[in-house]
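Visitor: Right, I'll just put the structure down here and ask away after.
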Amino acid sequence: MASDQFSISGRAVGPGLPTYFVAEIGINHNGDLETAKRLMSAAADCGADAVKFQKRTPTICVPPDQQHVQRDTPWGLMTYLEYKERIEFGQSEYEQIARHANELGVDWFASPWDVPSVAFLNEFDVCCLKVASASVTDLELLEAINGSGRPVILSTGMSTMEQIRTAVGHLSDVPLALTHATSTYPCPPEQLNLRMIETLQREFRVPVGYSGHETGLGPTMAAAALGACIIERHITLDRAMWGTDQAASVEPLGFRRLIANIRTIEVALGDGIKRVYPEELLVAKKLRTRP
């Protein structure tokens, strides 16, 4: 459904409109609901528009050859499948997440990693669904997401242009946005390739955002200046916390600064129409000898 605008919770998102900020909580909560709520509250306090989680059915998402691999965790040595089940939220936790988001006045949604997770999230009437970069080639999952009828944000990390085209073709019945991403955690600057934002805009003619996994804030601000209308960054309470995504995440103080600076960039970009401002006329009167 090619369109240069789409909406989330009744709010239009697209070129020329205020940036839609997503605080990716993902699995940074480490399976602790109170940590998740603290992250949600921090995101709302920073000015984020939405918080995002990841929903999996571990027995489906963990490949059989990895399920019994031993992993050292804060809760002791356990199999990779046990670890994934340990940090996964279920019905009760998501009911509390939905209530907390409503209390905070922020949207919430998640990336479903398997077909049952799509049905699970549909029961919560989430504002949209996110296709994780790892799921771009999972056509069965894309068909289930397409059948939801909800707005979809498709992340494009670790994907070729042909894989992106195929995925977009399987999401033809839903309002669609893309986010440029490079799936390296954390991502070095030379792999960010921010001009892909413009490439995706030209080819697909849908809103394009940026999902950043770098350290620091500068590249994300540059992405906004290049036209990214959705900005997503992982949020953490402390980058030293245990977990695979923590090092590529942003702490609350940095998240607040990121949003404030991008709001300034939005104003500073202007409309591209040359004009002389009244303040400039006063300067010209002082400095120019000829009108």
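We did not get these values from a lab; they are worked out from the coordinates using the rules stated. The model shown is predicted, which means the values in this text are computed figures rather than measured ones. So basically every Cβ, Gly included, is an ideal-geometry build from the backbone, and we count neighbours across all protein chains shown.
Visitor: Around L154, which amide H atoms from residues at least 5 apart in sequence, or from another chain, sit under 5 Å from its own amide H, with H modelled in the peptide plane?
Guide: Hits under the 5 Å cutoff: V131, A177, L178, T179.
Visitor: Got the relative contact order for the chain handy, in percent, Cα pairs under 8 Å and 6 or more residues apart?
Guide: Relative contact order comes out at 21 percent.
Visitor: Return the distance in nm (one decimal) between the two label points of a simple spin-label model at L282 and D32, each offset 7 Å from Cα along Cα→Cβ.
Guide: Rounded to a tenth, the inter-label distance reads 5.4 nm.
Visitor: Just to confirm a number: summing +1 for Lys and Arg and -1 for Asp and Glu over residues other than I145 whose beta-carbon lies under 14 angstrom from that of I145, what do you get?
Guide: Residues close to I145 contribute a combined charge of -2.
Visitor: Measure out, as a whole number of angstrom, how far apart the alpha-carbon centroids of the range 51-125 and the range 212-226 sit.
Guide: First find each Cα centre; the distance between them is then 27 Å.
Visitor: On to the next question. For a test of the definition: using alpha carbon positions, the gyration tensor, and the 1.5 limit on a/c, classify the range 172-276 as rounded, prolate or oblate.
Guide: It is oblate, given that a/c is not under 1.5 and a/b is not larger than b/c.
Visitor: Once the piece of chain linking Q163 and E123 is laid out straight, how much longer is it, given 0.36 nm per residue of separation minus the C-alpha distance between them?
Guide: 11.5 nm
Visitor: List the lysines whose Cα sits under 22 Å from the Cα of K274, skipping any in the same chain fewer than 8 residues away.
Guide: Qualifying lysines at Cα under 22 Å: K285, K286.
Visitor: Something else about it: Where in the range 22-41 is the amide nitrogen less than 15 Å from a point lying 7 Å along the Cα-to-Cβ axis of R99?
Guide: Zone members listed by number: 33-34, 37-38.
Visitor: So I have [x] 20.6, 81; [y] 31.8, 104; [z] 19.3, 62, and one of them is Rg and Dmax of the Cα atoms in Å calculated from this model. Which one is it?
Guide: [x]
Visitor: Would you mind ranking D238, D138, D65 so that the residue whose beta carbon has the fewest other beta carbons within 10 Å leads the list?
Guide: Final ranking by Cβ density, sparse to dense: D65, D238, D138.
Visitor: While we're looking at this one, here's another question. Estimate the FRET efficiency between S92 and H68 by the formula 1/(1 + (r/R0)^6), using the beta-carbon distance for r and 30 Å for R0, to the nearest 0.05.
Guide: Step by step, r from the Cβ atoms, then E = 0.60.
Visitor: At 7 Å along the Cα-to-beta-carbon direction for both T199 and I265, put a label point, then send me their distance in nm to one decimal.
Guide: Using points 7 Å along Cα→Cβ, the separation is 1.9 nm.
Visitor: To continue, here is another question. Given +1 on the Cβ of Lys and Arg, -1 on the Cβ of Asp and Glu, and no further charges, what dipole in debye does the chain carry about its Cα centre, rounded to the nearest 20?
Guide: 1540
Visitor: Obtain the nm distance between the two label points defined at I273 and S183 by a simple spin-label model: each point lies 7 Å from its Cα along the Cα-to-C-beta direction.
Guide: Roughly 4.4 nm, to one decimal.
Visitor: Shifting gears a bit: Counting only residues 5 or more places away or on other chains, whose amide H sits under 5 Å from the amide H of G26 once H atoms are built in the peptide plane?
Guide: Those qualifying (amide H under 5 Å, at least 5 residues apart or on another chain) are K52, F53, Q54.
Visitor: Another question about this same structure. Can you find, among L154, H100, L226, the residue farthest towards the positive end of the dipole of the range 6-287? Put +1 on the C-beta of Lys and Arg, -1 on that of Asp and Glu.
Guide: Final value for the positive-end residue is L226.
Visitor: For the range 95-147, list log₁₀ I(q)/I(0) at each q in 0.18, 0.31 Å⁻¹, using the Debye formula over Cα point scatterers of equal strength and ignoring solvent, two decimals each.
Guide: -0.58, -1.23
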